[in-house]
Each structure stands twice: as structure tokens, then as C-alpha cells.
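Chemist: Take a look at this one; I'll ask things after.
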Amino acid sequence: MRKDPAAGRDVAQFERWAATYDDSVLQERYFRPVQRALLHHAAVVEPDPPRILDIGCGTGALLRQARARFPRAAVTGADPAHSMIRRAAADGGACVVGRAEQLPFPDASFPLVLSTLSFHHWADQRRGLAEAARVLRPGGHVLIADHFATGWLRAVFAAVGKRGRMRTHAEAEAMLRTAGLTPLGWHIALTVTGFLRAAEGSGPLPLAALCVARKPSAG
């Protein structure tokens, strides 16, 4: 498994941040609009999923929204940071400690797999996508929202030395196909205008995008 050593430092940071993570102003202005956008598009492709997995669930913000959006679904979160999982499980959520690259679930367990703003933290993105495909049921969908190196963001990530962890759309699609997933399309999850207004918003400068992909049906 090819790992990015910076990903290990990311996990250590999240262990320290867990106690105050939900109090950050970024939660309302950044994370929640992206989570709402992700769940909106998830409901389009999987209107009534019986089970949902959130990879990199953090303190469980997306899990709580997903339970409200999909009240009949069993929602599960996985995150490598123990302290984050403790916070996420405090309200009774089903959460497990687990890395994207080694998910503790059987094959074909979920019809819907989500990941919001955690993809760039994965130690091995290719292996993580392969694991997402493994636990996804045939015909199921995976939605990944993250920072992607497109447009103006590509130059920004290159300037701060993070280009390698922020993929272009083409790079991400190639990884998805290698994992056995079929990319279906891209959507803007948040723009600079939306960030300033704490809403999805429209505008010319995207901050986060999401990709929808499908696992081919068996046979």
C-alpha cells in the first residue's frame, strides 16, 4: 500500500481537534453546505437506501443529517481518529474506527457510500476507492465531495505544495475506474460566494466539487 506520510499527521491533528471541532465557524460556512449538497445528490441516485456508509465521518455531522434525510436507513460512520469516533457515537450513532484503506465491513454491504472533505486526507487514495467499491453493492453509488485541483484551485494547491493530494477531475475519474467504479458526473458543492453566504450558492469560483460514481450491476 502506497501511503502519504502526511496523512498520518492529519489523523493526529484530528485526534487533537475533536473536542472543539464542531465549534469551528467553518462548520456552518463550509462543511454543512457541502454536506447538504452531497445529500441532495445522494437522494437523486439512491432515494431510499437501506444502509449508508460515511467514510471519514469525523464527529458525525453528515451522519446526523443523513439520518434526518433518510429516516429508514441504517447509517454508519468510519473514521481513523478514535476521539472523533467517540464524539460521533455520543448521540447513539453507529460508528467504528476504520481507515478508508481498510474498512471493517463485509463485501457488498452498502448501496450508498459517501465521503465529504476527507478524500484528500486518505493515506492511499487508490486503495481507499478500491475499498469503497468492495463494500458497495452492485448497482450502488458512491459520492465523494472534496477539494479538487481544477481551475483556479489547481494553481493554489501547487503553490502551497498540496497538489499531489488534490486530484484533478480526470485523475479522480481514472482512480474510480481502476477501482471498478463508473463515474457518472460532477457537481459543484460549494463556491466562494456560497462560503461567504454560508450556503451552497452560485458563483464563478468553486471551492468544493462532488463526483457521483456507480458500481456496475452484477451480470
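Rule-based calculations on the coordinates, nothing more; no lab input. For clarity, every value in this text was computed on a predicted model and none was experimentally measured. Backbone-built Cβ (ideal geometry, glycine too); neighbour counts: all protein chains shown.
Chemist: When every alpha-carbon pair in the range 18-139 is counted, what percent end up more than 25 Å apart?
Modeler: 15
Chemist: Here is a further query. Across bins of 5 angstrom width beginning at 0, how are the C-alpha pair distances of the range 27-66 distributed, in whole percent?
Modeler: Going out from 0 Å in 5 Å bins, the range 27-66 shows 6, 21, 34, 25, 11, 3 percent.
Chemist: Another question, then. To check you understand DSSP bridge types, tell me what percent of the beta bridges within the range 51-152 (both residues inside) are antiparallel, rounded to 5.
Modeler: Taking every DSSP beta bridge with both residues in the range 51-152, the antiparallel ones total about 5 percent.
Chemist: Here's a follow-up. What FRET efficiency comes out for ALA90 versus ARG126 if R0 is 41 angstrom and r is the Cβ-Cβ distance? Round to the nearest 0.05.
Modeler: FRET efficiency, ALA90 to ARG126: 0.80.
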